[in-house]
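Worksheet: the structure to be examined is printed underneath.
What follows is calculated from the coordinates using simple rules that are stated; it is not laboratory data. Everything numeric in this text was worked out from a predicted model, so none of it was measured. Positions of Cβ are generated from backbone atoms using ideal geometry, with glycine treated the same way; all protein chains shown enter the neighbour counts.
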Amino acid sequence: SDTLIIVSAKHGQSPIDVSKRVGIDPQGDGTPGSIFGQIIGSAYAFDLADDGVLMWLSDQSQTANAVAKLATPANQAALGTQEILSGNLLTQTFDDPLLDPRTPDIILKTNTGVIFTGGSKIAEHGGLNEDDVHVALLVSNPNFSSKVIRAPVQTTQIAPTIVQSLGLDPENLKAVVIEKTAVLPGLFVEPSAHIGQLVR
């Protein structure tokens, strides 16, 4: 009778409205290499393209030149690009690619509906638009009354919420301490004083 059930997802899919689907063949004109390599040239290394694009360069000193090529009106239209993240704009959210090779040098945020596929796939994930980053989050317990909590939350708050519901201190999780991650709001009676006591 005390079971807490949390249902969510690690990512969304885009487009939710399939009438907005715009498929772009990542191989471009069919010549060897991706459409991004064809645009950027020799500085291009590889990419991960789903409904957004993560791109690594073989020569990071050419990042500004690569961005300039991607940012021409013709290429932005061809790639369905809404925004290009690199340099300071990228490192505001992600690790610096000059220090962490896991971080792409360039990220393309695409228009809603754009997916990179040469086939009939109707949706993808991995991008930064609303369909990708907003997911359902449902919490259930026999003692909860039905309500909607409109506070902005993140899926990273699920782990400390589970730990606290078990009567343990979420600050035993190193990431919770480092990132100052709170439990989901509205579920506990004075969380700091009543570890694990759910609202009734």
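Details
- Approximating the spin labels as points 7 Å out from Cα along Cα→Cβ, the Ala68-to-Lys121 distance works out to 3.3 nm.
- Under 5 Å from the amide H of Val22 lie the amide H atoms of Val114, Ile115, each residue being 5 or more positions distant or on a separate chain, with H modelled from the backbone and absent for Pro and chain starts.
- Over segment 18-132, volume per residue of the alpha carbon convex hull, in Å³: 100
- For segment 45-95, Kirkwood radius (reciprocal of mean inverse C-alpha pair distance, Å): 11.8
- The count of lysine pairs in the chain whose Cα atoms are under 29 Å apart, excluding pairs fewer than 8 places apart on the same chain, comes to 14.
- With a cut-off of 12 Å between beta carbons, the residues surrounding Gly126 carry a summed charge of -4, where Lys and Arg count +1 and Asp and Glu -1.
- Under 19 Å from a label point set 7 Å out along the Cα-to-Cβ vector of Leu99, the amide N atoms of segment 151-185 belong to 175, 178-180.
- Highest-MSF residue in the chain out of Ile158, Ile178, Ile40 [GNM, Cα springs under 10 Å]: Ile178
- Measuring nothing but alpha carbons in the chain and taking Rh as the Kirkwood radius, the Rg to Rh ratio lands at 1.09.
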